[in-house]
Amino acid sequence: MQCMKTEIFLASGNAHKKHEMEELFPEYKILTPKDIGLEFDPDENGNSFFENSLIKAKALYEIVKKPVLADDSGICVDALDGKPGIFSARYCGRLKTADGKILDGHNLSQTEQNALLIEDVNLTLKEKGFSEKQIRDMANRSCHYACALVLYYGKDRFICSQETLEGCLLYDANESRGTTGFGYDPIIFLPKFGKTVAELTEEEKNAISHRGKAAKILHDAINISATRYDLTNI
């Protein structure tokens, strides 16, 4: 007789993230708010990946009263002093409305956001006095993904891990490559692999990605704390 998997809710409506979590936590049944017909869109008003991840975890836990896995992640570009960071999902570069207000990138496609990020980096480096050759140099285009993962068991009971994946931003959006990733993956080049993140296999990505490494730490912490943090008896 096959045992039923313990359920963990994922505080996201992103199908790509759900698939990744199912790969990273195969012994658990991962559910999203959409799976139970729930509209879920909390106000992510934290100042860090960790704060936003915890906000989402707490908000969903208060509704489902079951363990919740929450993720907040983004791309941090050194030439932009770490931007877009926690604003990666709504990034719109230097685009502004007619009255001078910054646009909300949520209204842009990911392809548009990728192009705007590259354009912003190229313009920023040019404004800093970099030559065209220096602007193209991968050493000046360094960036990293960051991911904060929280597994929330109840009030004041949670485990958190945060990890990174280092890479370089491509020079031209037309150089985007790969179909296996999502978000900014097609424009993040990994010199060690000679590939963009979107060209990695699922196994390669799960082994080295910011989310994959954070999930492994969290997974190990769950196993170590199994007797104290019993997912079946919340």
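Filter region 92-134 down to residues that are on the phi > 0 side of the Ramachandran plot and charged (D, E, K, R), then give me how many there are.
Looking only at region 92-134, we keep the residues that are on the phi > 0 side of the Ramachandran plot, and these are 93, 100, 129.
With the extra rule that they be charged (D, E, K, R), the set shrinks to none.
Residues in region 92-134 being on the phi > 0 side of the Ramachandran plot and charged (D, E, K, R): 0 in total.
I'd like the full set of residues that are open to solvent by 50 Å² or more (accessible area, probe 1.4 Å) and not in a helix (DSSP H, G or I), limited to region 15-28.
PRO26, GLU27
Restricting the search to region 44-66, which residues are within 13 Å of LEU149 (Cβ to Cβ), open to solvent by less than 60 Å² (accessible area, probe 1.4 Å) and not polar (S, T, N, Q)?
PHE49, LEU54, LYS56, ALA57
Among the residues that make up region 85-106, is at least one of them of a type in the set (S, T, N, Q), outside any loop (DSSP other than H, G, I, E, B) and open to solvent by 80 Å² or more (accessible area, probe 1.4 Å)? So that I can check it myself, show each step before the final result.
At the first step, the residues of region 85-106 found to be of a type in the set (S, T, N, Q) are 88, 97.
Checking which are outside any loop (DSSP other than H, G, I, E, B) leaves us with 88.
Next cut, open to solvent by 80 Å² or more (accessible area, probe 1.4 Å) only: none.
Checked against the condition, which is being of a type in the set (S, T, N, Q), outside any loop (DSSP other than H, G, I, E, B) and open to solvent by 80 Å² or more (accessible area, probe 1.4 Å), region 85-106 yields no hits at all.
In region 142-183, which residues are open to solvent by less than 10 Å² (accessible area, probe 1.4 Å) and either of a type in the set (Val, Ile, Thr) or under 19 Å from SER109 (Cβ atoms) (or both)?
VAL150, LEU169, LEU170, listed by residue number.
The values are calculated or read from the model by the stated rules, or taken from the named source; none is laboratory data. These numbers were taken from a predicted model, which means no experiment stands behind them. Ideal geometry is used to build each Cβ from the backbone, glycine not excepted, and the neighbour counts take in all protein chains shown. These area figures cover heavy atoms from the full protein model, side chains too; ligands, DNA and RNA do not enter into them. Shrake-Rupley method; radii C 1.70, N 1.55, O 1.52, S 1.80 Å.
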